[in-house]
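In what follows, a single structure is set out as structure tokens and then discussed.
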Amino acid sequence: MKTSQAGIEFIKKFEGCRLTAYRCPAGVPTIGYGHTAGVKMGQKITQGQAERLLKEDLVKFERMVAKYDSTYHWGQNQFDALVSFAFNIGSIDRLTADGSRSVTTISQKMLEYNKSAGRVLPGLAERRRAEQALFLKADKPGAAGQAIQAASAGETHVQLNYQPGHVYQIMVEGLRIRTKAAAQLPEAVPAGKILGEIRKGIKVKNHATARVGDAIWMYIGQDKGGREQWVCADTGSKAYIR
């Protein structure tokens, strides 16, 4: 994944652009849009150079976020928010606890990274709130992913981004497989005849998805008899496949 143009503008807003080197609150020589590598006090650059340095810097932080995509399957807004977070903090490893935290916990923990030298900085607090809001914001139809919010048991559940061609894992025991005629998809719930069940831990490839209300159904291919196989991936309050 790549940072969207909206994500780039988001980062620009919070980083600001200074064409003469300065020291950031942590005392690090900085120039352009938060660029620090090899910067010396007194250094000057053009606006075009600042734009180029930003694009070069983004590649590193995009990789930091992308390495967890196989675990979380980021939506575009989630990805943009985390690239902004990594750009500012330096990594998302601690935020995600190396990929062991839930999406809900990640969004909650974002707000804790608002200090410098043990002191809360209003600018950092504002940025963390904005990143959290972006992280939880639903992607527009046609964007590279969907991050739909739904309430469940008093906390926020962010619906996963299920992409065709990706392989996912069954997270519950006995998930039912159903079939439905292709002509009736994706408008209708694939709630036809039950073909069987899938055991927890089995990996499946997503060929297509169908959304009905808050639920997302995943097409995992045909069985030996040529019948379509559909499973419920996410109800909006709980993910059955990750």
Test: residue in the stretch 85-98 that is assigned to a helix (DSSP H, G or I), within 24 Å of Cys17 (Cβ to Cβ), among the aliphatic types (A, V, I, L, M) and open to solvent by less than 20 Å² (accessible area, probe 1.4 Å): yes
Taking Thr96, is it polar (S, T, N, Q) and closer than 17 Å to Glu62 by Cβ? yes
In the stretch 76-116, what residues are small (Gly, Ala, Ser) and either without any contact (Cβ under 8 Å) to a residue 40 or more places away in the chain or under 15 Å from Phe10 (Cβ atoms) (or both)? Ala81, Ser84, Ala86, Gly90, Ser91, Ala97, Gly99, Ser100, Ser102
Please enumerate the residues belonging to the stretch 117-132 that are basic (Lys, Arg), assigned to a helix (DSSP H, G or I) and without any contact (Cβ under 8 Å) to a residue 60 or more places away in the chain. Arg128, Arg129
Against the definition (surrounded by fewer than 21 Cβ atoms within 10 Å (Cβ to Cβ) and modelled with pLDDT of 90 or more), how does Ser116 come out, yes or no? no
Hey, among Leu58, Leu53, which residue is in a helix (DSSP H, G or I), among the hydrophobic types (A, V, I, L, M, F, W, C) and more than 30 Å from Ser100 (Cβ to Cβ)? Leu53
Inside the stretch 54-84, the number of residues satisfying the requirement of being open to solvent by less than 10 Å² (accessible area, probe 1.4 Å) and either small (Gly, Ala, Ser) or in contact with a Cys (Cβ under 9 Å, 6 or more places away or on another chain) (or both) is 4
Take the residues of the stretch 14-33 that are touching a Leu at 6+ places or on another chain (Cβ under 8 Å) and assigned to a loop (DSSP other than H, G, I, E, B): which is farthest from Phe85 (Cα to Cα)? Pro25
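The values are calculated or read from the model by the stated rules, or taken from the named source; none is laboratory data. None of the values given here were measured: they were computed from a predicted structure. Cβ atoms come from the backbone with ideal geometry, glycine included; neighbour counts cover every protein chain shown. These accessible areas exclude ligands, DNA and RNA; they are computed on the full protein's heavy atoms, side chains included. Shrake-Rupley method; radii C 1.70, N 1.55, O 1.52, S 1.80 Å.
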